[in-house]
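Here the structure comes first, spelled out in structure tokens, and everything after it is commentary.
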Amino acid sequence: MMNNLLSGDLPRSRLLSAMLLAVLVGLALAPFLFHGARSLNVAATICVFIVLVASYDLLLGYTGIVSFAHTMFYGIGAYGVGLALHGMGPTWSAVLVGTSAALVVSLLLALVIGLFSLRVRAIFYAMITLAVAAAFAVLASQLSDYTGGEDGRTFKVPDLLQPGFHLLEGEFFGRALDGKLITYYLVFFSALALFLFMLRIVNSPFGRVLQAIRENDFRAEALGYRTVIYRTLANCLGALIATLAGVLMALWLRYVGPKTMLSFEVMTDILLIVVIGGMGTVYGAVIGSALFILMQNYLQVLMKEASAAMVGIPLLANLFHPDRWLLWLGVLFVLSVYFFPAGIVGKLRAGAQARSQRKP
Amino acid sequence: MTTIPHPVTQDSPLAKVRVDVVPLLLVPMLALLMLPLVGSFPTWVTLTVAGLAMGMMVFMMASGLTLIFGLMDVLNFGHGAFVSVGAFTATLVLLPMKGWVETESVWMNLSVVGMAILLAMLVTGLLGWAFERIIIRPVYGLHLKQILITMGGMIVAEQLIHVIWGAEQIPLQLPSTFRGAFIIGDAALEKYRLIAVGVGLTVFVTMFLVLNRTKVGLLIRAGVENGEMVEALGYRIRRLFVGVFMAGSALAGLGGVLWGMYKETLTAAIGGEMTVLVFIVIIIGGLGSVGGCFIGAMLVALVANYAGFLAPKVALVSDILLMVTVLLWRPQGLYPVAKR
């Protein structure tokens, strides 16, 4: 059954399985294991980023397309549901309308950009998506009558998801059964379902064709696969899933704004996670997101101490300043592109394979 | 314009190459077309000069990138880092020598800015050399890795600027004689913009002459056309490329200094913000073509300025619209560089 659920793509490394299991259990029981709003927020962000990063991996790791417009689709999802809830009031139909409108817009945009520029070389596509995403971010922050501009929009979610809502009186393992908890599990199970869906896709015949295109698009074309169509399909699929991730994030934060949804920083975060976690392995998204978001939230505490210890030395203290955590991740990113391009997951799998070959 | 080789010598039997003039006419045509739309002549002059000044600065940042791409098929997503580093290096001269910046003497102003520019170009040139060695050399021919690695280099460089210069914005003063404007008739021409146009034109003419009238230029153009052939003839194209990479980085640094003084405040993201514009420019111009890049830069900047005046909402996406229009007309850019 496990094999079926994971679409036959098992972790294939004991350590990796243990890490994945730890992340799964940690996320599933997060509201009961950790207390406080911050840790729950970290857990929800990890869930959303797993989906977002895995959908990007579908493009970068499996098909070999470099797109910089992934945050745009993420933002479309978030803005779609956010603006619908803001305009139509906190009802489920608003969520539905917002989500479906966002999906349609994303699909059309992905289709147009894909057909327009996926025919040509990877580099061209990267540049075009960079330009389009930048223009979209500017539009979202400038059309303030509709989008709330730089400040974004806060909105109310349907009753069931409101923090004030109580499903049952009393507490359950030290945690009130309130709307926040329900929202968390909505995010968690949607993320889990989307993740398993993506695992299914990359291990289907369709996914194999994508990998063939990544390895050698000329040969794939020669075998009779229309690479443009496959690339465009992968692009649309990635965009749709990113849109759903945006919807989840908006429902969780009850806020949309250009800084959290559309900024280029989100895009670099995604890139860092994909590469450090492992390109071309959906599991890389899980390990990468969990590590990255934990570091983002807790590494700074460590760095603050390191910085305080070096307060006398001018440049070093700056080097370990808590705001410089991205520097260290950037260095790690460059190193990992050179030395372990398959990321953490690839490294673990290679290690496990080497061991099992040595044994007999 | 520059990529089309002229007949080499009088006695060469080569057929005359047809010069493609239509893109050359685009800039003046656009400017003239906008005159009746803008309405008043002085406003038009101001807008046009502002557009040209911005275009020159963008050209300086973009020219290196397009040459690097043409010559070695490397697209440096971290090019913006050189712009930032250039601008920040200039503060090492401009801030301590505040006296020279604030005096009313033209020569002291000029020399302090000159020193800042020299230092910035030197530093970015050396940085370019290091960048090529450490970051790019291991990933020649691997596009996917190039994009990722140069992106990573950009993140690291931006963070290092924060480490060295601190996280706050740095205000950058324009030298006092560069402030203000000349009033000609009713048109106000900002002095600094005219200076930027002057510097930009100088760079462009120098580049044009080097590329078309010197042996090195000949080799660079030949390398863009067919690198293997140049190597087969016994030239070390790798050295040529390192040189071009350093020069391109230094030009980006120069563009950064001018752009930083134009904006009068510096943030580490100053280069990253320009990256998108620079990419649009080199796509419009045709990847690898310096002449196309020049025209592209002028077009983008002029359209942005006119649109900002006529229809501010359209100005937000004017670059994209321009790019789409140009690509619909010429899918490979204004001056397509054959191969690849």
> To the nearest 20 debye, what charge dipole does the protein assembly as shown have about its Cα centre, counting +1 at the Cβ of each Lys and Arg and -1 at the Cβ of each Asp and Glu?
Replying inline: 1860 debye
> Say we join alpha carbon atoms closer than 10 Å with springs in a Gaussian network model of chain A; which of A:SER67, A:SER55, A:SER204 then has the biggest fluctuation?
Replying inline: A:SER204
>> Starting from 0.36 nm per residue, how many nanometres of slack lie between A:GLU265 and A:TYR298 once their C-alpha separation is accounted for?
In response: 10.0 nm
> Which shape class applies to chain B: rounded if a/c is under 1.5, otherwise prolate when a/b exceeds b/c and oblate if not, where a ≥ b ≥ c are the square roots of the Cα gyration tensor eigenvalues?
Replying inline: oblate
> Ranked by accessible surface with a 1.4 Å probe, highest first, in what order do A:ARG254, B:ARG236 come?
Replying inline: B:ARG236, A:ARG254
>> Suppose the chain between B:LEU194 and B:LEU328 were pulled fully straight at 0.36 nm per residue; how much longer would it get relative to their current alpha carbon spacing?
In response: 44.9 nm
> Which listed residue (A:ALA212, A:PHE197, A:ILE182) has the Cα farthest towards the positive end of the charge dipole for region A:138-255, taking +1 on Lys and Arg C-beta and -1 on Asp and Glu C-beta about the Cα centre?
Replying inline: A:ALA212
> By Kyte-Doolittle mean hydropathy of at least -0.5 and Cα axial length of at least 27 Å, which whole DSSP H helices of chain B are selected?
Replying inline: B:41-72, B:106-131, B:143-165, B:191-213, B:237-263, B:290-310
> Accessible area per residue, 1.4 Å probe, Å², for region A:164-311: what's the number?
Replying inline: 43 Å²
> Total accessible area buried between chains B and A, 1.4 Å probe, in Å² to the nearest 100?
Replying inline: 3500 Å²
> Any idea what diffusion coefficient region B:119-271 gets from Stokes-Einstein, in µm²/s, Kirkwood Rh on alpha carbon pairs, 37 °C, 0.692 mPa s?
Replying inline: 180 µm²/s
> So what is the calculated 222 nm ellipticity per residue for chain A, using -39500 (n - 2.57) for each DSSP H run with n of 4 or more, over all residues, to the nearest 500 deg cm²/dmol?
Replying inline: -23000 deg cm²/dmol
> At q = 0.11, 0.15, 0.18 Å⁻¹, what is the log10 ratio I(q)/I(0) for region A:33-266, with the Debye formula run over Cα points and no solvent?
Replying inline: -0.59, -0.99, -1.28
>> From Cα pairs below 8 angstrom and at least 6 apart in sequence, can you work out the relative contact order of region A:33-266, rounded to a whole percent?
In response: 40 percent
> For chain A, modelled as a GNM with alpha-carbon contacts under 10 angstrom, which of A:VAL209, A:VAL345, A:VAL311 fluctuates the most?
Replying inline: A:VAL311
> Rounded to the nearest 10 Å², what accessible area does B:HIS162 show when all protein chains are kept and the probe is 1.4 Å?
Replying inline: 40 Å²
>> Let me test this: with uniform point scatterers at the alpha carbons of region A:124-198, what is the Debye-based log₁₀ I(q)/I(0) at q = 0.11, 0.15, 0.27 1/Å?
In response: -0.57, -0.82, -1.03
> Classify region B:231-340: rounded, prolate or oblate, from the alpha-carbon gyration tensor (a ≥ b ≥ c, eigenvalue square roots; a/c under 1.5 rounded; otherwise prolate if a/b is larger than b/c)?
Replying inline: oblate
>> Given points 7 Å out from each Cα along the Cα-Cβ axis, report the B:LEU37 to A:LEU10 separation in nanometres with one decimal.
In response: 6.5 nm
> Counting only heavy atoms of protein chains, what accessible area per residue, in Å², does region B:140-182 have with a probe of 1.4 Å?
Replying inline: 40 Å²
>> When a/c reaches 1.5 or more, the comparison of a/b and b/c decides; with that in mind, is the protein assembly as shown rounded, prolate or oblate per its Cα gyration tensor?
In response: prolate
>> What is the sum of charges, Lys and Arg at +1 and Asp and Glu at -1, for the other residues whose Cβ falls under 14 Å from the Cβ of A:LEU272?
In response: -4
>> At 20 angstrom or more along the helix axis (alpha-carbon based) and mean Kyte-Doolittle of -0.5 or higher, what helices does chain A contain? Whole DSSP H runs only.
In response: A:14-28, A:37-57, A:70-88, A:92-117, A:122-142, A:179-202, A:227-253, A:325-339
> Taking all protein chains as present, what is the carbon and sulfur share of the accessible area of the protein assembly as shown, in % to the nearest whole number, probe 1.4 Å?
Replying inline: 69 percent
>> Over chain B, what is the relative contact order in percent, taking alpha-carbon pairs closer than 8 angstrom and at least six residues apart?
In response: 34 percent
>> Within region A:52-70, name every residue whose backbone N is under 18 Å away from a label modeled 7 Å from Cα of A:ARG219 along the Cβ vector.
In response: A:62-65
> About its Cα centre, how strong a charge dipole does region A:33-266 have in debye, to the nearest 20, once Lys and Arg get +1 and Asp and Glu get -1 at the Cβ?
Replying inline: 540 debye
>> Can you give the local net charge around A:THR260? Use residues other than it whose beta-carbon is closer than 13 angstrom to its beta-carbon, Lys and Arg +1, Asp and Glu -1.
In response: -1
>> Taking the Cα centroid of region A:10-39 and of region A:128-159, what is the distance between the two, rounded to the nearest whole Å?
In response: 33 Å
> What accessible surface, in Å², does a 1.4 Å probe find on B:GLU104, ignoring ligands, DNA and RNA and rounding to the nearest 10?
Replying inline: 140 Å²
>> Please give the Cα centre distance for region A:75-109 versus region B:132-204, rounded to the nearest Å.
In response: 39 Å
> How long is the gain from B:LEU110 to B:ILE184 if the chain were fully straight, where each residue apart is worth 0.36 nm and the alpha carbon distance is subtracted?
Replying inline: 24.3 nm
>> Counting heavy atoms of the protein chains only and a 1.4 Å probe, report the per residue accessible area for region A:1-84 as a whole number of Å².
In response: 35 Å²
> Which order do B:MET151, B:MET229 take when ranked by solvent-accessible area (1.4 Å probe, heavy atoms of all protein chains), largest first?
Replying inline: B:MET229, B:MET151
> Using unit Cβ charges (K, R positive; D, E negative) and no other charged atoms, how large, in debye to the nearest 20, is the dipole of chain B about its Cα centre?
Replying inline: 680 debye
> Considering chain A as a Gaussian network with a 10 Å cut-off on Cα pairs, which listed residue, A:LYS304, A:LYS156, A:LYS180, attains the greatest mean-square fluctuation?
Replying inline: A:LYS304
> For a label point 7 angstrom out from the Cα of B:LEU118 toward its Cβ, which stretches of region B:245-270 have the backbone nitrogen within less than 18 Å?
Replying inline: B:250-251, B:253-255, B:257-258
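The values are calculated or read from the model by the stated rules, or taken from the named source; none is laboratory data. Values in this document were obtained by computation on a predicted structure and should not be read as measured data. So basically every Cβ, Gly included, is an ideal-geometry build from the backbone, and we count neighbours across all protein chains shown. These area figures cover heavy atoms from the full protein model, side chains too; ligands, DNA and RNA do not enter into them. Shrake-Rupley method; radii C 1.70, N 1.55, O 1.52, S 1.80 Å.
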